[in-house]
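Shown next, in structure tokens, is the structure this report addresses.
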Amino acid sequence: HQKALERYRSSESRRNEGSALGNIGHVYGLSGDHQKAFDFHKEALVVFRALGDRENEARMLEGMARAERGRNRLDTARKFIDESLALTEAVRANVSSQRLRASYFSRRQDAYEFYIDLLMELQRQNPSGTYSADALAIHERSRARSFAEMLNEAHIDFRERVDAVLVKQEREVRQLLNAKAQRQIQLIAQRGSRAEIETLNKEISALEDEYEQKRSKMRESNPAYAALTQPQPLTSNEIQRQLDPSTLLLEYSLGDKKSYLWVVTQKSLNSYELPPREQIQKVTKEV
């Protein structure tokens, strides 16, 4: 990766330079050198931000979060992974192909798993904190978006009661926005004309405003569309208000290293650490 980095720099291939920096940071993380892992991911982050590449920006922020956790800086790690997931969800919303959206989101599931595990570690260190409830909220976010992608793959038409003209306009604006964003990244990477880049920036900003206006009109015309395309999961308190006195909610999060169970009643929320996913699945199959 270091040899590749030298060649990308000599050829001024900025995006590949960023990827090589991120890869080196990842290897340092695997080897336990969390300081160097953080430094290389941070350097790559600067590159991708300059390019306007938000997908890779999210990945570098996740790498920084993992490095900070490795140094036991859990609160700082939480800040970085929270920013990473916010970018992930913004990128997902603007991917035009439903199939690509599902594929992109599935690749980022490990980030949600990392965030949940980080919050549960904070809860263990601070038993009086509310980190367990926060972890449940993150799990709900992940489940809501996974459910939305499952509906997409099942070809459920969210737009069936939305005005057809409005749907067509929204799709055209989204496609144009994606195309101009890709062109912007290419120009910056190739050190293109400053004037052309600034013109693109203005066009993208205007298209983003127009896109949000179209989406807003679609949400107004069909509340079900809004609920399914932009799910707003319930907080732990809101979940509790949905339960009657004789109902107990069990919610599971299965992870590669650890799994978790939340037990929610009207008046309480408790969490438990469980074995890894593989061990649970093996026993489940036997049952």
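Note down the relative contact order for the range 12-72 as a percent, whole number, built from C-alpha pairs under 8 angstrom at least six residues apart.
37 percent
Go ahead and run the numbers for FRET between Leu166 and Ala86, Cβ-Cβ distance against an R0 of 41 Å, rounding to 0.05.
FRET efficiency, Leu166 to Ala86: 0.90.
Rounding to the nearest 20 debye, state how big the charge dipole of the chain is about its Cα centre with +1 on each Lys and Arg Cβ and -1 on each Asp and Glu Cβ.
480 debye
Given R₀ = 41 Å, what would the calculated FRET efficiency be for Leu261 paired with Ser31, taking r from the Cβ atoms and rounding to 0.05?
Here the calculated transfer efficiency is 0.80.
Which one of Leu61, Leu176, Leu119 has the biggest mean-square fluctuation once the chain is modelled by GNM with Cα springs under 10 Å?
Checking each option, the largest mean-square fluctuation is seen for Leu176.
Figure the gain on full extension for Ala179 and Glu212 (residue separation times 0.36 nm, minus the Cα-Cα span) and round it to one decimal in nm.
Working it through step by step, the gained length comes to 10.2 nm.
If I require 27 Å or longer along the helix axis, counting alpha carbons, and a Kyte-Doolittle average no lower than 1.6, what helices from the chain are left? Use full DSSP H segments.
none
Would you please name the trypsin sites (Lys or Arg not before Pro) within the range 1-94 that are DSSP coil residues with at most 15 other C-beta atoms within 10 Å of their C-beta?
Of the trypsin sites (Lys or Arg not before Pro), the ones in loops of the range 1-94 whose Cβ has at most 15 other Cβ atoms within 10 Å are Arg71.
Once Cα Rg over 2.2 N^0.38 Å is worked out from the coordinates, which option in (1) 1.14; (2) 1.43; (3) 0.98 does it equal?
Checked against the structure: label (1).
Within the range 226-287, list the trypsin sites (Lys or Arg not before Pro) lying in a DSSP loop whose Cβ has at most 13 other Cβ atoms in a 10 Å radius.
Of the trypsin sites (Lys or Arg not before Pro), the ones in loops of the range 226-287 whose Cβ has at most 13 other Cβ atoms within 10 Å are Lys257, Lys267.
Students often get this wrong: which residues of the range 122-148 have the backbone nitrogen under 15 Å from the point 7 angstrom along Cα-to-C-beta of Leu249?
Backbone N within reach: 132-145.
Please state the relative contact order of the chain as a whole percent: Cα pairs under 8 Å, 6+ residues apart?
13 percent
Within the chain, what whole-number % of the accessible surface is contributed by carbon and sulfur, with the 1.4 Å probe and all protein chains included in the calculation?
For the chain, the apolar C and S fraction of the accessible surface comes to 49 percent.
Which FRET efficiency value, to the nearest 0.05, is calculated for Tyr272 and Ser193 with the Förster distance at 45 angstrom and r the Cβ-Cβ distance?
It comes out at approximately 0.15.
Add -39500 (n - 2.57) for each DSSP H run of 4 or more in the chain, then divide by its residues: what number comes out at 222 nm, to the nearest 500 deg cm²/dmol?
Rounded to the nearest 500, the figure is -24000 deg cm²/dmol.
From the cross-link list Lys36/Lys258; Lys79/Lys168; Lys3/Lys36; Lys36/Lys282; Lys258/Lys285, which pairs have alpha carbons spaced over 28 Å apart?
As for pairs spanning more than 28 Å Cα to Cα, those are Lys79/Lys168; Lys36/Lys282.
Out of all Cα-Cα pairs in the range 171-287, roughly what percent, to the nearest whole number, are more than 19 Å apart?
Roughly 70 percent, rounded to a whole number.
The values are calculated or read from the model by the stated rules, or taken from the named source; none is laboratory data. Being a predicted model, the structure only gives us computed values, none of them experimental. Because the Cβ atoms are built from the backbone with ideal geometry, glycine has one as well, and the counts that use them run over all protein chains shown. Heavy atoms of the whole protein, side chains included, go into the accessibility calculation; ligands, DNA and RNA do not. Shrake-Rupley method; radii C 1.70, N 1.55, O 1.52, S 1.80 Å.
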